Amino acid sequence: MDYMDSGLKYTPGKDKDWETGVQFLQASDNRKLEKKKGPGKIGILIGVLILAAVIALITGLLVWHFHFRKNAWVKRMYAGTMQITNQQFIKAYENSDSSEFKALAKQVKSQLKVIYSRSPELSKYYVDSTVQDFSEGSVIAYYLSEFRVPPGKEAAIDNAMASVGTLVDKGQRFMQMPSSSLILKDVVSSVLDSRMLSRSFSNYYRFSEHTKTNYNGQIQSPGFPNSPYPPNTFMQWQLRADPNNNIKLEFDTMDLEGNCKNDFVKVYDSLVALESRVMKEMCGQYSPIDPPTFVSSGNVMLVTMATDDENNYPGFRAKVTQVQHATTCGGQLKGERGTFTSPNFPNYYPPQTSCHWSIEVPTGKAVKVTFTKFLMSEPGQTKDCRKDYVEINNKKVCGEQPDQTVVETSNTNKMSVTFFSDASYVNRGFSAEFEAIDLKDPCPNQFQCRNMHCINSALKCDGWNDCGDMSDEINCNCKADDISCKNGLCKPMFWRCDGINDCGDGTDELNCGGCKSGELTCQNGKCVSDKTHCDGRDDCGDGSDELNCPKSSGVSCTDLTFRCKNNKCISKVNPECDEISDCDDGSDEENCDCGKTVKSARIVGGQDAEVGDFPWQVSLHAKNFGHVCGASLISPQWLVTAAHCVQDDSKTRYSQPGAWEVYLGLHTQRKIDGHVVKRNLKQIICHPNYNEHTYDNDIALMELDSPVTYSNFIKPICLPSAQHDFPVGNSVWITGWGATREGGFAATVLQKAEVRIINGTVCNSLMGGQITSRMLCAGVLSGGVDACQGDSGGPLSSPAGSRMFLAGVVSWGDGCARRNKPGIYTTVTKFRAWIKEKTGV
Ligand code: 4AZ
C-alpha cells in the first residue's frame, strides 16, 4: 500500500499502464498485416500470414518484455494546484462527498487530461488524476496526477510537468475552448516527495480542521503524549481558516527521530503536498524555549508526517488558530533611531510576502541600519539571492549572517529596505536597528570599522577581530610586547609557540625551538624522525608518534592510546562515542547515551542559555540558603562537582549530604516548573588529595538519594576517557548561575559563554606558576568572558561531533573576566579512573 492507495481519496487504476502497452503493440501489428495483404495462392498467403503474425507476436512480446514490462515502469506522482477563475467557492466544495465537489472535480480531471494530452511526453505516460480539495480564491483546486514512466524518463517528465503552467496559458490563449471550460491560472505542479511514496506504509491517517475566530484547535501525532507515534504510518492534517485569514501553527513539542530520512514532519502552504510550497521540514527535537511557529500566506495549510518501522519518538503537538491576514507590512520609520523586524519575528515569516520600509532620519544626518539577527537561509538558495532576501542600498542580502555583521549606511537622510519571501521554505527572518549618524563622524569617540561598526578604540590592534572584518587589526604598529606577524597583524606575546597559527601566516609559531624538517614533534616535545610515525614502536616515549595511524586497532598500549574493554588498544584520538565503532568489541561506543541536547533554536539573544541547552547542568542549593555551586550530571544517580564546594566552614557542614538540595532540569532560579526535578543527596565523595590552599585535585562526587529519569531537560554529559584530547584553541562552553561580573550578583537565568582552551605553559606563566597538570585553563585573554563566583563545580562542556564531553569542572581564577587571567578548571581526564572506581560510571 502507498500514499495514494491509502483510503485517502485517490486509488489509481492498477492495470492502466499495462493496457497502454498492449494497445501500442496492437497498432503496429495491424500495420504489418495490412502491408502483407495481396494476391497469390491462398495456402501461401495463409502461411505467410501466420509466419508474419508469429514474428510480430514474438517481436511484440520481446519488446514488451524488455521495455514495457509493468514492473520496470516507475510510478511517478505529482502534486498540483490551479486557480479556477470562472468559478466561485461554495461551502459544499469543502466536502468531498458533496455532489458539487464531485461535479467540479470531474471537470478538473477531464481538463487535466486534455492539458497533458497536448504534451507528447506527458500524454504517453499519464495514468490518472484525482482532486484532493478546493479552497477559496476564486476556486483553488489541489490534485494529484499519476504517471507510469519507463526508467530513465523521469527527468523528462519532471521537466514537462514543471512547464505545465505555460502549456495551460498557451492553450487558453490560442485554442478554441468550449464555453463551459474552466478558466485556469497559476497551474503549478511538482513531483511528490519520494519518501511519501516509496515505502510501504501500513497505516494512513487523514485529519481536517477548520479554525474559527477565538477558537484554539490542536493537532498532534497519534498517541501523543502518552505513547510514541506509530511505525510505518503516513499522516496528514488539512487545515483551513475563514477567507481573509491565515493559519497560525504553533508547535509546543517536536520530538522525532533525528534522521529525516526515517521520520519527518513537513508543513506546506497548500492543501496538497506540493514541494514548491513546502514551508519547513522537521525531524529530531526542537528546543521548547523557541518552538517553531508558522503562518500561512493564504487560508490553508497542510501538515504531513511519515514514519518508518523503527525508533518511534513522542511526536509533536501544535496549536492551530486563525489570524487576520495582515494586508501590509513595512511602513514609514522616522526619527533618530528605531527598530524593525521581518513579519512575525522571531517566529517564521509567511511565504510569498513582501514588505517595504522607508526610513527617514533628520535632515543633514545619514541612516545606519544594523541587522542584529539575520536568518533567511533556505534550501536551494543561490549566491545572488534568487529566493528569500532583504534588499538594502540596492544590494540583496540572503542566507544566514552572524549577528551584527550586516550593516549598511546611506549617503542621504533616507534609506529603503525591502523584505521578500518566495513561495517555498521560510525562516525566522531578521531584526534590525536604524540610527541617525553624522557622515563626517559616524563613530564619535570610537574606532570606525570598515564594515561601519563602531568599537571601543582600545580594542584596535589588540590581536582580536572585534570589528568582524579584521579592519581593527590591520595597519597596526605592534607594541614591544606584541608579536609582529609578517602579514602586519599584532598578536599578544602569550600566543607565541602555543601550537596555534594565530597570525594566520604562521609567524607566531616560527623559531619555537621545535623539530627540524623531516622530524616529528612528539607531544612531550621530543623530536623523532618522521619515518618512525606509525612504525609500531613508541619512539617518542609517550606514544604520540603512534597516534592516528592507518592501522589503528591492536596497537601497543601507551598512555595516549584508547584501551578497549577487551584490553586491546587503538591509536585513534578521541574514539569514544564518536558514532564509529573502532574497538573490535565495540566498547568505544558503549555507554554513549550522553552529551546530546535538543536542537537549539539559535534565537534567544544575550548570554542566557536556552532551555535544554545544557541538560547536565545542576544547581546545588545549600538548605535554607539557595544556589551555591554548580555540578554536572554523569549518570542517573551521580554528579561531578568541585571539592571546594563541599568544604565545611564555621557555620555550615557542606561536606555532609544533608546540607544540600539538588535541582536538575532548572533554567531559572526559583522557577520550579514541570521540567525541574529536586533530589537530596545520599553521599558526597571528596577527592582525597584535594588541596584547599592550591585548589589542586578540586573535584568531588555526589550520589543522589534516588535516580532521575532523563528528559529533554535532564541528560548526562559524556565523561572523557583518560586519553581524551582537548586541543588548545578549541572552543568550549562555560555555564552557571554565578555572578555576572566580579563582585556582582548571581544570575537568575542560566548563563552560557564560549571560551577557548589555553595552552598550559602560557597559562602557568600568566597565573604566576600556580597551574598543575590537574588544572586546565580556558578563557578569552582579552577579558570580558569567564566563570565567576557561584559557577564553581559546574561543567566546562566541550563539543565533539554531536555530543558534549566534560572537559573540566569550574574551579578558581584570579578575579573574574580580567584581561590575561583565564578561568581555571579541574582536568576531568586525570580523574577518569577515580570516577569509575567510586561510581561505576
Ligand atoms: C568562584 O569563586 C570562582 N574566574 C569561580 C571561577 C572563577 C573565579 C571565581 C574564574 O567560585
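For residues that are charged (D, E, K, R), out of contact with any Cys (no Cβ under 9 Å at 6 or more places or on another chain) and closer than 19 Å to G315 by Cα, tally how many sit in region 211-257. Give the steps one after another, and end with the answer.
Kept after step one, since they are charged (D, E, K, R), are these residues of region 211-257: 212, 240, 242, 248, 250, 252, 255, 257.
The next check asks that each one be out of contact with any Cys (no Cβ under 9 Å at 6 or more places or on another chain); those that pass are 212, 240, 242, 248, 250, 252, 255.
Then drop every residue that is not closer than 19 Å to G315 by Cα, which leaves 250, 252, 255.
Residues that pass the stated criteria total 3.
Determine if region 187-203 includes at least one residue that is surrounded by fewer than 16 Cβ atoms within 10 Å (Cβ to Cβ) and closer than 24 Å to R317 by Cβ. Reasoning before the result, please.
Kept after step one, since they are surrounded by fewer than 16 Cβ atoms within 10 Å (Cβ to Cβ), are these residues of region 187-203: 194, 198, 200, 202-203.
Going one step further and asking which of them are closer than 24 Å to R317 by Cβ, we end up with 202-203.
Yes - at least one qualifying residue is present in region 187-203.
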Within region 799-834, residues away from the ligand (no atom under 15 Å from the Cβ) and farther than 17 Å from V573 by Cβ come out as S802, M804, L806, K830, F831, A833, W834
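Keeping to region 349-366, report how many residues are in contact with a Leu (Cβ under 8 Å, 6 or more places away or on another chain) and farther than 30 Å from S297 by Cα. Steps first, please.
Step one: list which residues in region 349-366 are in contact with a Leu (Cβ under 8 Å, 6 or more places away or on another chain), which gives 357-360, 365-366.
Imposing the further condition that a residue be farther than 30 Å from S297 by Cα reduces the set to 365-366.
Qualifying residue count, region 349-366: 2.
Only one of D169, D193 is under 29 Å from A306 (Cα atoms) and not basic (K, R); which? Walk me through it before giving the result.
Working: D169 fails: under 29 Å from A306 (Cα atoms).
Matching residue, one of D169, D193: D193.
Determine, yes or no, whether D608 is among the acidic types (D, E), at pLDDT 85 or above and either touching a His at 6+ places or on another chain (Cβ under 7 Å) or on the phi < 0 side of the Ramachandran plot (or both). Even if it seems obvious, please write down each step before you answer.
Numbers: among the acidic types (D, E): yes; at pLDDT 85 or above: no; either touching a His at 6+ places or on another chain (Cβ under 7 Å) or on the phi < 0 side of the Ramachandran plot (or both): yes.
The answer is no for D608.
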Return yes when V426 is within 23 Å of the chain's Cα centre (by Cα), among the aliphatic types (A, V, I, L, M) and over 22 Å from C467 (Cβ atoms) and no when it is not. yes
Result of the Cβ filter at 8 Å on region 563-575, keeping first residues that are more than 23 Å from S802 (Cβ to Cβ) and partners that are β-branched (V, I, T), at least 6 apart or interchain, is C569/V555; C569/T558; C569/T561; S571/V555; S571/T561
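Does E121 satisfy the condition of being surrounded by 16 or more Cβ atoms within 10 Å (Cβ to Cβ) and farther than 20 Å from D97 by Cα? It would help to see each step written out before you state the result.
Numbers: surrounded by 16 or more Cβ atoms within 10 Å (Cβ to Cβ): yes; farther than 20 Å from D97 by Cα: yes.
Judged against the criteria, E121 is a match.
Let's see how each residue does on (1) at pLDDT below 80; (2) of a type outside the set (S, T, N, Q); (3) crowded, with 17+ Cβ neighbours inside 10 Å; (4) assigned by TED's automatic domain parsing to the domain that holds G258:
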| residue | (1), (2), (3), (4) |
| --- | --- |
| D539 | no, yes, yes, no |
| S544 | yes, no, yes, no |
| G554 | yes, yes, no, no |
| L560 | no, yes, yes, no |
| N567 | no, no, no, no |
| P575 | no, yes, yes, no |
| V598 | yes, yes, yes, no |
| R602 | yes, yes, no, no |
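Filter region 761-796 down to the residues that are touching a residue at least 24 places away in the same chain (Cβ under 8 Å) and away from the ligand (no atom under 15 Å from the Cβ), then identify the one that is surrounded by the fewest Cβ atoms within 10 Å (Cβ to Cβ).
Here is the first cut: in region 761-796, the residues touching a residue at least 24 places away in the same chain (Cβ under 8 Å) are 761-763, 765-767, 770-796.
With away from the ligand (no atom under 15 Å from the Cβ) added as a condition, the list becomes 761-762, 765, 772-774.
On the way: T761: 14, V762: 22, S765: 13, T772: 15, S773: 9, R774: 23.
Among them, the one singled out is S773.
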Selection from region 775-789 of residues modelled with pLDDT of 95 or more and in a loop (DSSP other than H, G, I, E, B) yields none
Flagged pairs (Cβ under 8 angstrom, 6 or more apart or on separate chains; first in region 355-369, on the phi > 0 side of the Ramachandran plot; second not acidic (D, E)) are G364/N413
Inside region 525-539, the number of residues satisfying the requirement of being closer than 25 Å to G760 by Cβ, touching a residue at least 12 places away in the same chain (Cβ under 8 Å) and of a type outside the set (D, E) is 4
Heads up, the strands (runs of 3 or more DSSP E) in region 609-702 (entirely inside) with at least 3 residues that are without any contact (Cβ under 8 Å) to a residue 40 or more places away in the chain, in the same structural domain as T826 (by TED's automatic domain parsing) and away from the ligand (no atom under 16 Å from the Cβ) are 677-679, 681-686
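Within region 725-739, can one find any residue that is over 28 Å from the mean Cα position of the chain (by Cα), over 11 Å from P822 (Cα atoms), within 12 Å of the ligand (Cβ to nearest atom) and not aliphatic (A, V, I, L, M)?
Applying the first criterion (over 28 Å from the mean Cα position of the chain (by Cα)) to region 725-739 yields 738-739.
Cutting the leftovers down to over 11 Å from P822 (Cα atoms) gives us 738-739.
Retained after the next criterion (residues that are within 12 Å of the ligand (Cβ to nearest atom)): 738-739.
Then keep just the ones that are not aliphatic (A, V, I, L, M); that gives 738.
Scanning region 725-739 turns up at least one residue that is over 28 Å from the mean Cα position of the chain (by Cα), over 11 Å from P822 (Cα atoms), within 12 Å of the ligand (Cβ to nearest atom) and not aliphatic (A, V, I, L, M).
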Based on what the data block shows, is S99 of a type outside the set (V, I, T), more than 27 Å from R195 (Cα to Cα) and at pLDDT 95 or above? yes
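The values are calculated or read from the model by the stated rules, or taken from the named source; none is laboratory data. These numbers were taken from a predicted model, which means no experiment stands behind them. Here Cβ is always computed from backbone atoms with ideal geometry, including for glycine, and neighbour counts include all displayed protein chains.
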